[in-house]
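Derivation of every value follows stated rules applied to the coordinates shown; laboratory data play no part. Every value quoted in this text rests on a predicted model; they were computed, and no experiment measured them. Positions of Cβ are generated from backbone atoms using ideal geometry, with glycine treated the same way; all protein chains shown enter the neighbour counts.
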């Protein structure tokens, strides 16, 4: 597999259809598509700092919710079937 982009140039007496066919053939030979399809759904793990910030934000929101709940500003929904 190569890491270079596929490039084709139009010849003098070549029509667009044959140019597209030649391009498709070069793309398939280069192995670009299997590599791209392999990394398509790859999700990078969150960094430590970002996960810490998310956890702190969640804890802060939970604390605000508990305070609002004690003051009677929150209307709780019944849980169960809808």
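For the reader, a short list of remarks on this structure follows.
- For the peptides 39-47, 62-70, residues were scored by their other Cβ atoms within 10 Å and the scores averaged per peptide; the highest-first order is 62-70, 39-47.
- Nearest-ten-degree value, helix 48-71 long axis tilted from longest Cα axis of the chain: 30
- The chain: calculated mean residue ellipticity at 222 nm from DSSP helix runs of at least 4, using -39500 (n - 2.57): -19000 deg cm²/dmol
- For the pair residue 47 and residue 22, the difference between a 0.36 nm per residue extended length and the Cα-Cα distance amounts to 4.7 nm.
- Helix 16-30 axis, angle to the chain major axis (alpha carbon atoms, nearest 10°): 70
- Taking percent of Cα pairs over 20 Å apart as calculated from this structure, the corresponding entry among (1) 48; (2) 23; (3) 68 is (3).
- For the peptides 25-32, 8-15, the ranking by packing is 25-32, 8-15, with the highest mean count of neighbouring Cβ atoms within 10 Å listed first.
- For the range 1-43, alpha-carbon Rg relative to the globular expectation (2.2 N^0.38 Å, N residues): 1.43
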